[in-house]
Amino acid sequence: MKTRPILKLTFAVASLVWIAAVPIAFAQAPAQLVTNGPQVSPGDSSARPAEGNVANSERYERTLQTNSAFREQRVQKECGSIDDQKLHEQCVASFH
């Protein structure tokens, strides 16, 4: 019976080929970190976004202090869904 040694040899060769091929197939290049930098759209009011952010923050804070209807609207939006009483009170206090 010469077929049994040939089968063993064929299986051994196939196994070696598979063992050699699998690491190559799964080898990957190191992952690259891809980030998006600051995005500026045509028509943006400021070429320097940080200055615009500061101005917007100052305007928001001023509106919170001077416009009670705006402040109450923000309180409802930011704090309205908080179920825990203590956390809700802290949230509301942060607007006053």
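The values are calculated or read from the model by the stated rules, or taken from the named source; none is laboratory data. These numbers were taken from a predicted model, which means no experiment stands behind them. Cβ placement follows ideal geometry from the backbone for every residue including glycine, while neighbour counts extend to all protein chains displayed.
Taking only pairs six or more apart or across chains, which ones have beta-carbon atoms under 7 Å, a first residue in the stretch 1-28 that is part of a helix (DSSP H, G or I) and of a type in the set (Gly, Ala, Ser), and a second residue that is at pLDDT below 70 and surrounded by 10 or more Cβ atoms within 10 Å (Cβ to Cβ)?
If the second residue must be at pLDDT below 70 and surrounded by 10 or more Cβ atoms within 10 Å (Cβ to Cβ), no pairs are left.
Given the condition modelled with pLDDT under 70, of a type in the set (Lys, Arg) and loosely packed, with under 12 Cβ neighbours inside 10 Å, answer yes or no: does some residue in the stretch 67-83 qualify?
No, the conditions are met nowhere in the stretch 67-83.
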